[in-house]
1. From Val385, Val370, Val314, which residue is farther than 29 Å from Arg282 by Cα, at pLDDT 75 or above and hydrophobic (A, V, I, L, M, F, W, C)?
2. On the basis of being in the same structural domain as Ser381 (by TED's automatic domain parsing), out of contact with any strand residue (DSSP E or B) (no Cβ under 9 Å at 6 or more places or on another chain) and within 15 Å of the ligand (Cβ to nearest atom), does Phe302 make the cut?
3. Could we say that Ala145 is under 30 Å from Pro266 (Cβ atoms) and assigned to a helix (DSSP H, G or I) here?
4. Could you list all residues from segment 1-43 that are of a type in the set (Val, Ile, Thr) and outside any helix (DSSP H, G or I)?
5. If you check Pro323 against the conditions, is it in the same structural domain as Ile290 (by TED's automatic domain parsing), within 21 Å of Arg262 (Cβ to Cβ) and free of Cβ contacts under 8 Å to residues at least 12 places away in the same chain?
6. Going through segment 124-148 one residue at a time, which ones are surrounded by fewer than 17 Cβ atoms within 10 Å (Cβ to Cβ) and modelled with pLDDT under 75?
7. Condition first: of a type in the set (Phe, Trp, Tyr) and touching a strand residue (DSSP E or B) at 6+ places or on another chain (Cβ under 8 Å). Now tell me which residues in segment 39-54 satisfy that.
8. What are the pairs, 6+ residues apart or on separate chains, where a residue within segment 150-163 that is over 17 Å from Val69 (Cβ atoms) and of a type outside the set (A, V, I, L, M) has its Cβ under 6 Å from a residue that is at pLDDT below 75 and not in a loop (DSSP other than H, G, I, E, B)?
Amino acid sequence: MSNALGFFYGVSGHKINFQKSSIIGVGVCQEEIGRLAYFIGCKAQNLPFKYLGIPIGGSAKRVSFWEPVFNKFKKHFSGWKAILFSIGGTLTLIKSVLGSLGNYFLSIYRMPKSVVKTLESLRCSVFWGGSLNIRKIHWINWNTALASKKVGGLGIGSLNVLNFSLLYKWRWRGINYRDSLWAQVILDIHGKECFYNMSAKSNGNWNNIVAANKHVHTMGIRSGSVQEQLHSMVGLLPRDLDNSDDRWRISMINHFVWRLLRNGIPTNVNLFGKGVDISTVRCNLCDSGIDDTSHLFRHCPFTCDPRSKINPWVHHNIPDEDPKDKLNWYKGLHLTNFQRQVLEAIMLMWWWHIWKERNNGFHNGHHTSVDDTFTSIVSLSFLWVSNRDWSILLIGMNGK
Ligand SMILES: [Zn+2]
């Protein structure tokens with residue numbers, strides 16, 4: 001064996017440092033390994049061991065194998081960190097927490113269903129303001145939040161899909177970089193067509209990757225769109241945190257409207273529906289209606305006052321309808337794209353202010369003057385429109 005490694009040095013120029021190397025036996029008793037290690041001058045090791053942070057030789061089907069990933073999650077989501085973040089920060093945290101370690105694991109091993117479930121429920125809990133041990137109300141189905149913005153989600157992306165995409169990438173790499181050393185090894189073991197017909201000649205991790213790839217095909221992802229799939233996958237990978245206050249505010253409004261359009265905001269009526277013990281469902285502001293979405297956003301005189309200022313400002317009579325129907329209304333108007341955007345922005349900002357006004361009124365009896373509210377709506381909608389890449393919500397407006 002030393003001779004073989006000596007030849008390897010001669011051919012490649014890579015010298016093996018025996019003191020830093022270990023010998024591991026497969027199907028050989030440990031005594032024999034110890035004897036050989038002594039002979040060669042290296043260490044004797046057992047399976048499983050870690051290489052570049054990844055366990056080698058363990059079974060990815062066991063939950064205990066995923067312990068390092070769980071620990072990483074727990075470290076990020078425990079204590080004050082997650083709780084203190086604004087909604088934008090929480091979203092970024094949820095998307096990025098896996099970091100390189102998770103991506104390493106997920107690009108090599110298929111996550112068992114129970115692991116997916118545990119990790120997703122953790123992310124979901126943090127998203128709704130809870131933590132490892134504190135569970136808060138979950139207002140919208142987690143799968144809806146995971147879905148892409150095109151179909152009305154928040155584009156968080158599921159870990160399951162991320163896992164499949166990363167595993168699928170091996171096929172893509174195998175076909176595109178057939179000459180690379182790793183691909184040659186796989187081709188030698190599993191046959192010349194193994195990247196095309198996705199086959200494995202033996203059990204082992206490649207077999208698991210093949211199984212995951214086949215599953216991707218039955219789910220409907222075809223080779224032609226692999227590139228596109230990979231692109232969308234890149235979108236799921238960690239991004240840098242941005243600390244701008246405005247950005248947080250905008251994503252907070254985004255998140256709020258996303259919930260509003262799905263009737264997932266904590267009005268008294270909705271809280272009651274979720275089984276929360278509350279003293280009254282009446283509107284605390286006017287005392288003449290009930291605290292539900294329809295009343296707050298259409299009828300309550302306290303929150304709907306700015307209408308008298310907004311309508312003349314935009315030269316339109318914004319109809320007295322539920323938020324969702326309001327969004328459909330302007331589609332029938334003859335407007336340029338820009339005008340449409342501005343109008344949309346104004347409506348969103350208005351709703352945000354209604355909700356703020358309601359909470360201020362409920363919790364500390366504070367009432368903002370119509371003038372102040374109107375000024376704030378104007379400046380925020382300007383901010384929104386002048387930063388078009390922030391207006392991410394507009395894509396998912398249909399409320400699907
Ligand atoms: Zn009211």
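The values are calculated or read from the model by the stated rules, or taken from the named source; none is laboratory data. In this text, all values refer to a predicted model and were calculated from it rather than measured experimentally. Positions of Cβ are backbone-derived with ideal geometry, glycine not excepted, and every protein chain shown enters the neighbour counts.
1. The unique qualifying residue is Val314.
2. Answer is yes for this residue.
3. For Ala145, the condition - under 30 Å from Pro266 (Cβ atoms) and assigned to a helix (DSSP H, G or I) - is met.
4. Ile16, Ile23, Ile24, Val26, Val28
5. No, not satisfied.
6. Leu132, Asn133, Ile134, Ser148
7. Once the filter is applied, which keeps residues that are of a type in the set (Phe, Trp, Tyr) and touching a strand residue (DSSP E or B) at 6+ places or on another chain (Cβ under 8 Å), segment 39-54 yields only Phe49.
8. These pairs meet every condition: Gly152/Gly396; Gly155/Lys149.
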